[in-house]
Each structure stands twice: as structure tokens, then as C-alpha cells.
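Down below is the structure, laid out as C-alpha cells.
The values are calculated or read from the model by the stated rules, or taken from the named source; none is laboratory data. Please read these numbers as outputs of a predicted model, since none were measured by experiment. Backbone-built Cβ (ideal geometry, glycine too); neighbour counts: all protein chains shown.
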Amino acid sequence: MIDQFKRELEETASLPSDDPQRQDFERRLANESASAQQHWQDLLLENESFRDNLAKISVPDDLQQRLLSIPEPASEIPKRISKPIHYGWALAAAAAMLMMLTAGLTRHYTSNSRMRTVALLAINNHLNHLQDHGVDASSIDKAELEQSLTKQVGFQVTVPDLENGLHLEGGRKCQLGTHPVAFTLWKEGQSEYSLFQFETDRFGLAASIKPTLVRNTQPAGTEHTTGAWIWTRGKYGYVLTGDPGNDLQRLSPTL
């Protein structure tokens, strides 16, 4: 993505959704690459997160008075210019603190939103294949499956050892959104579970996310109540979800 086009993406993302310039840009963006479109969605999400979190920050009415009441540091600067310098320093410090706070909140909110998006994509994939997950329900060697899936998806697949009575049934190449992932099917009695392995950088996720249970609260969740465990290990991440009504809480991955 060339720098000029990237700058145009960033500038246009800050415009209101009904702005003619933005609408024209979005029409042109439809013909651009998948990476450009993904970058656009990430920018929109970050801008939305920034506005949401900024609105939640409560700034005391007497913030300026509090800052100005901070004792001045000992200095050899003549008194006649110390107050203006202190006043400017206080305002600059306040602005820096506020920017750091909002930036931190935005990064946290964006990371959680991306993590939740991946989890919900996995849940929807599982729910859409409740009748047939597309793998042969037969005994298969894990090492052979890892080798086969690695060739199919183009990255190193490592099938983890899932405990709590889950048995590996098979696997295949799959997609979450527009990104290729490795899918494996697991069973416990009559219940089925889906495990997806993906590349963390494809979804903009951190490399060290501890196992987190995401509940499905989207409209589909009112009909099929379920959830998903999501975690990452360096370059790769995993999502584990299962049939509606199953107790996913007890399937917490042990890393």
C-alpha cells in the first residue's frame, strides 16, 4: 500500500459517514485490494473506539486549578518568567496525560473488539455447519493431520491436546472472514466442537492473549446460546467453540 493512498485512507476515515467525499472514496475502495479494505475497516474501528472512550472520560471542572496548584520545582530561573513557564508546563503535562489515557483506552478497546470479532466468526461458522462439519468422522493420526493442514493453509499447523474428554475427528482448510484458517472437529458423546487455528497478524491480534471466554450476545445468540474460548501463542491463535447449550466454561484451555 503506497504512502499517499494510506494517508488518504487515514484522512477519509475521520470524515462523517454521510460526507460525500467519504462516500465517493468508499465506492472507489470496493475495487481495491483486500488488504486495503481490511486497513480501512481497522481505521473505522479505531476511530469509533477513540470517540467512545473519549466520551467516557470525566474531566474535573477544576482540572486547571489542580494543575496550577502543583508546587513549582526549585529553579534558578528568574521569578518574573517562572509562572508563564509553569503554566505552560502544566497544560502540556495535562494534554500529554489525556492523550496517553485515551490512546491506551483505544488500544485496549480495539484489541478486545478484534478478539471478539474473531470469536464470533468462529461461533457463526460452527452454527452454520451444525448438521455437517465436512470432515470424515474416522480415526486419524494427529501428526498426519497437522502435515496435511499445513500444506492446505500455508502456515505451520499445530493441533493442541484438548482435554476434558474431547476426541479428534478430523480437519480441513476453512476461512474466518477472508482469511484461511485450519479447522479441526472434535467430539464428546453426541456433541461436536470446532477448533480454529489462525495467524494472529491476519486479524491484528496480540501474540500473548490468555484464554478468554467470549459469549455470543449477537442476534444469533438468542436462538443458539453458545460461546468460544480464544487465545494466542506467538504467531498463531486458536478459537474453540461448540454446540449450543454445552458448558464451554469447563473447557478452559490449559496452556
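Residues checked against (1) closer than 21 Å to Pro211 by Cα; (2) of a type outside the set (Asp, Glu); (3) in the same structural domain as Thr200 (by TED's automatic domain parsing); (4) out of contact with any helix residue (DSSP H, G or I) (no Cβ under 6 Å at 6 or more places or on another chain):
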residue	(1), (2), (3), (4)
Glu144	no, no, yes, yes
Gln152	no, yes, yes, yes
Leu162	yes, yes, yes, yes
Glu169	no, no, yes, yes
Gln175	no, yes, yes, yes
His179	no, yes, yes, no
Phe183	yes, yes, yes, yes
Within the stretch 154-177, the count of residues that are part of a loop (DSSP other than H, G, I, E, B), of a type outside the set (A, V, I, L, M, F, W, C) and more than 13 Å from Asn125 (Cα to Cα) comes to 8
Filtering the stretch 214-232 down to residues that are modelled with pLDDT of 90 or more and within 29 Å of Gly189 (Cβ to Cβ) yields Ala228, Trp229, Ile230, Trp231
Quick check on the stretch 178-185. Is at least one of its residues among the polar types (S, T, N, Q), within 25 Å of the chain's Cα centre (by Cα), surrounded by fewer than 21 Cβ atoms within 10 Å (Cβ to Cβ) and in a strand (DSSP E or B)? no
* Kindly indicate whether any position in the stretch 193-210 is over 17 Å from Arg233 (Cβ atoms) and in contact with a helix residue (DSSP H, G or I) (Cβ under 9 Å, 6 or more places away or on another chain). => yes
Residue pairs within 7 Å by beta carbon, gap of at least six or interchain, first lying in the stretch 21-43 and within 15 Å of Gly177 (Cα to Cα), second at pLDDT 75 or above and outside any helix (DSSP H, G or I), listed first then second, are Ala34/Thr178; Asp42/Gly204
